[in-house]
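The values are calculated or read from the model by the stated rules, or taken from the named source; none is laboratory data. What you see is a predicted model; the values in this text were computed from it and never measured. Reconstructed Cβ throughout: ideal geometry from the backbone, glycine too, with neighbour counts over all protein chains shown. For the accessible areas, the whole protein counts, side chains as well, though only heavy atoms, and no ligand, DNA or RNA atoms are used. Shrake-Rupley method; radii C 1.70, N 1.55, O 1.52, S 1.80 Å.
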Amino acid sequence: MSAMIQAGLQHYLIVSVLLFSLGLFGVLARRNLIVIYMGLELMLNAANLALVAFSHFNANLNGQVMVFFIITVAAAEVAVGLALIVALYRKRSTAHVEDLTSLKY
Amino acid sequence: MEHANTTVTAAAPAFSSRPEDLAWFILLLPLIAAAGIAFFVRKSNVLSAVFSIGAVLAAFFLSVGLFITFGIGGEATVTTPFSWIHVGDLNVNLGVTVDRLSVLMLLVVTGVSALVQIYSIGYMHGDRSFSRFFSSLSLFTFSMLGIVLADNFVMMFVFWELVGLSSYLLIGFWYEKPSAGDAAKKAFLTNRIGDFGFLIGILMVWAATGSVSFAGIAHKLGADPAALGSMASIAGLLVFCGAMGKSAQFPLHVWLPDAMEGPTPVSALIHAATMVAAGVYMLCRTFFLYQVPAAWPGPLSFLGSISALDIIAVIGGFTALLAALIAIQQNDIKRILAYSTLSQLGYMVMAVGCGGPDAAMYHLTTHAGFKALLFLGAGSVIHACHHEQDIWKMGGLWSKLPVTFRTFAIGTAALAGLPILTSGFYSKDAILDAAITGGHPVLFGLGVLVAAMTTFYMLRLVIVAFFGAPRTEAAGHAHESPNSMIWPLIVLAVPSVAVAWLPLGDFLSAHFNPHFHPHEGGGIFGPFNHAPLAATFGTGALLFGAAAAFHLYWNAPKDPLPGQLGLIGRAMKNRFYFDEIYDGVLVPLHDMLARLADWFDRWIVSGLIIRGVHGSTELVGRALRLVQTGNLQTYTFMFAAGVAVVVMIALKLK
Amino acid sequence: MPQLTDLLFYGFAALTLLFGFLCVANPLSRNPVTSAMFLVLTIISMAGLFILLHAFFLAAVQVLVYAGAVMVLFLFVIMLLDLKEEERRKLRKFTVGLGAVAVAAIAGILIKATLSAVPLAAGKVVEGNTKPLGVALFTQYLLPFEILSILLLVAMVGVILLSKKELK
């Protein structure tokens, strides 16, 4: 019984999965590009959480190093992504995905 | 597996010192010439002729050497230096058979081919496709030599088809003439029908004996005559189908007269040495197939003990009679000769059917000589009369074309079988003798009748064309052909007479029967001694035919026969309406089949299958196009769904 | 008996998920600024989870980099673009339904996989302090670290280029 309550690897992983799902839902359901971006950030953070949990329960620092890298890359990615959104907005005056369907052609 | 009474060598090819290995050179020389002309000297008429004639002459002299070797007792060999196909149990070699049969045939083919080619220099002079003609002739010769030398069915079939192809090229040589193109197609397609049977026959023999080589099959059948099972006679008849096409036996005889559309030298070559001889030669080569007891599968068991040979004999005899009847009422000089060839081929096939392949080969050899002579003579006449072919528009040519006339007369005498003097007498006698000893008195009677008719229509041709008064301007101004055309005639006239005194019959009999002993009292009067019945009847038929011809045609202004024969005469003149019957029955049937195939192709293959595939692809494409909204989130959704599926599979979740 | 760390875990986990939900699917507001604010809170709650996992350095970095730098960037862009609220009528039920289905599928599969895994026995704890992480970064992971710095440089140059008024 106590194993069920005691916070183990599985608990963290389930939190990670749920967070990931929330992020995915945000990406799928929201219209605003910036909010979609936030969904992406949530998914990345879910992955971070899983990695840190693995690192902790395996007594291995490699997972944390990986998270460090991910945070760095995510920062760079956000910077570039937001810059793209800005550029796009200048051209199209919109940040709604439904207005951006030129991929069809 | 391949041990018959011939020795099999798998030694290194051609270049050892044995005379048999010359056969490879004989085979390849014309091919080299054909390829050389086609690839290198096409522009030069002189060089083309030199190449072609040089090759075939060299082959001829090699053949003579080979023949002499055999005459003094050479050993039959099969040389198979190259393995060609080796798949599972099927083992096909490229090999040559050198025995009495093939060396004699080599001599005939190269000899006639050489003379025809020399003759062609004059006949084809000025034709703009001169070199193409010689290249095709060389190819034709090569193909025929391949059939002669082949040591197995597969190789023979390949060369068989090559002969078909080269005959197509040559019959349709003047392809700008629609009739020549049609004749070439007709010859090719008619042959194809026979070849179809031939191929099935080969497959049946192979399935039953597990071998395609002649020596192997002969060995197998020698050990176990029932090896072919209940299909023995059917297999034999199917193989005969091939001969039926090439040697123009009823009912596939219709192509041969039309093949006259080709240049006359080609006709000579086809009729004498290369194409039509192939069928008879093949029957003799595979005669072991027909020596097995008759056996029929269930539905055909009512045929009982009637063997394939009996059927072949009847077909041959019928063809001989039919063709002779038609020949009597033809007016075109080449057509008369064409039907005469048909008739003589029927004779040979009948001889094979009566169990006398040696007689058939003997007649084939002599016939090759004098039929080539007759055709080249006819070519000379046509050439002299400015391409007039109707004998009723000639007349009185004997004084204007003395050499042509004399040689043509010799050829006619040989074809009619003038006793003692000509080769035709001896070979024809051998056939009639084979019919008696084979136990076919009816066919013997038929043979005698055909012999009389042969004399009749040949003398009709000679009397009408060469005697009497010239009936047209052209005939009046005819003059002798150039030397290159005259000399081959003279050379060919020699064997028509001289072969008579060579013991060729015995030479061949020894091939088919190792225990054969020459007849007592041979020599030039031999036939009267050992086959008096045949010789006497043959001579009688000759006299009767000659008398009838002189009675009817000497100084006749026009043909008296149609009036006397009435309806039958018209039928004979119109070749018994075979072409019309085929046109009326086979062509609509064929058209129907073609329409059915067309319908099937159009609606089932194109409509259902092709358009079905194309349509469903397009439909799926249209459906998938709806998915391409351009909306990022749609793509993300599909991506997520895909990931879900992949993860599910990767984790093996159920 | 549940220990304090377990209670803290449940607390932070619940907060993380709640804020995350409010970030992507706030039923009251569709303003991007609100979402951004809830994202900050999610990240801070996660930093708490990191601390529970003894990843102290990462917790600090998480707050500094994400909550500080990245979120400022987000807000800055939102302000710059002057984005309005998402219009509510645009939220199509079909899209939301499909999204929910896909999310549920992935979540279901992953949770099932997680639960079917054999639980790890807790081993000795590694401390995610600055020192051991620093040692790992500058010894074992030196090359990726350096490459990462180049990546940041490239990103910087790229962003400057993209943000220029006229893209010529």
### Phi-based couplings in Hz for segment A:14-19 (Karplus 6.51, -1.76, 1.60; Gly and Pro marked x)
5, 4, 4, 4, 5, 5
#### Entry: Inter-centroid distance (Cα atoms) of segment B:324-380 relative to segment B:97-119, Å
17
### Query
Rounded to the nearest 500, what is chain B's calculated 222 nm mean residue ellipticity when only DSSP H runs of at least 4 contribute -39500 (n - 2.57) each, over all residues?
-22000 deg cm²/dmol
### Message
Is there a quick way to get the dipole size of segment A:9-104? I mean about its Cα centre, with the Cβ of Lys and Arg at +1 and of Asp and Glu at -1; what is the value in debye to the nearest 20?
### Response
340
### Query
Could you give the angle, 0 to 90 degrees to the nearest 10, between helix B:100-123's Cα long axis and the longest principal axis of the Cα atoms of chain B?
80
### Task
For B:TRP84, enumerate residues with amide H under 5 Å from its amide H, sequence gap 5+ or separate chain, H modeled in the peptide plane.
B:VAL92, B:ASN93, B:LEU94
### Message
Before we go on, tell me the buried accessible area for the C/A pair, both chains summed, 1.4 Å probe, in Å² to the nearest 100.
### Response
7100
### Query
Helix B:22-39: angle to the longest alpha-carbon principal axis of chain B, degrees 0 to 90, nearest 10?
70
### Query
Mean projection of the alpha-carbon convex hull of segment C:4-91 over all orientations, in nm²?
6.1
#### Entry: Charge dipole (debye, nearest 20) of chain B; +1 at Cβ of Lys and Arg, -1 at Cβ of Asp and Glu
1440
### Task
State the answer as a single residue: which of B:PRO488, C:ALA113, B:ILE68 lies farthest towards the positive end of the charge dipole of the protein assembly as shown, with beta carbon charges of +1 for Lys and Arg and -1 for Asp and Glu, about the Cα centre.
C:ALA113
### Task
Could you point to the residue in B:GLY630, B:ILE200, B:TYR582 farthest towards the positive end of chain B's charge dipole, with +1 and -1 charges on the Cβ of Lys/Arg and Asp/Glu respectively?
B:GLY630
### Query
What percentages, rounded to whole numbers, describe P(r) for chain B computed over all alpha carbon pairs with 10 Å bin width beginning at zero?
3, 15, 25, 24, 15, 7, 4, 3, 2, 2, 0, 0
### Task
Could you work out how far the C-alpha centroid of segment A:1-51 sits from that of segment C:136-168, in angstrom?
27
### Query
A:ARG92: accessible area at probe 1.4 Å, nearest 10 Å²?
110
### Query
How many percent of the alpha carbon pairs in the protein assembly as shown exceed a separation of 47 Å?
50
### Amide proton proximity set for B:ALA150, modelled H, under 5 Å, gap of 5+
B:THR97
#### Entry: Under the Karplus curve 6.51 cos²θ - 1.76 cosθ + 1.60, θ = phi - 60°, whole-Hz ³J(HN,Hα) for segment C:75-81, x wherever Gly or Pro sits
4, 4, 5, 4, 4, 4, 7
### Task
Mind pulling the per residue volume of the convex hull built on the Cα atoms of segment A:9-104? Å³ is fine.
88
## Note on the structure
Checked against the positive end of the charge dipole of segment B:108-245 (+1 on Cβ of Lys and Arg, -1 on Cβ of Asp and Glu, about the Cα centre), the farthest of B:PHE157, B:VAL116, B:TRP174 is B:TRP174
### Task
Give B:LYS177/B:LYS371; C:LYS131/C:LYS164; B:LYS177/B:LYS393 a once-over and call out the pairs whose C-alpha atoms are over 29 Å from each other.
C:LYS131/C:LYS164
### Message
Please list 3J(HN,Hα) in residue order for segment B:598-604, calculated via the Karplus relation 6.51 cos²θ - 1.76 cosθ + 1.60 where θ = phi - 60°; whole Hz, with x for glycine and proline.
### Response
4, 4, 4, 5, 5, 9, 7
### Message
If I take the Cα coordinates of chain C and project them onto the principal axes, what are the three extents in Å, biggest first?
### Response
53, 41, 27
#### Entry: 0 to 90° range, to nearest 10: angle between helix B:275-285 axis and chain B longest Cα axis
90
### Query
Per residue, what accessible area does the protein assembly as shown have, given a 1.4 Å probe and all protein chains present, in Å²?
43
## Note on the structure
In segment A:9-104 the accessible area split gives carbon plus sulfur, as whole percent at 1.4 Å, a share of 67
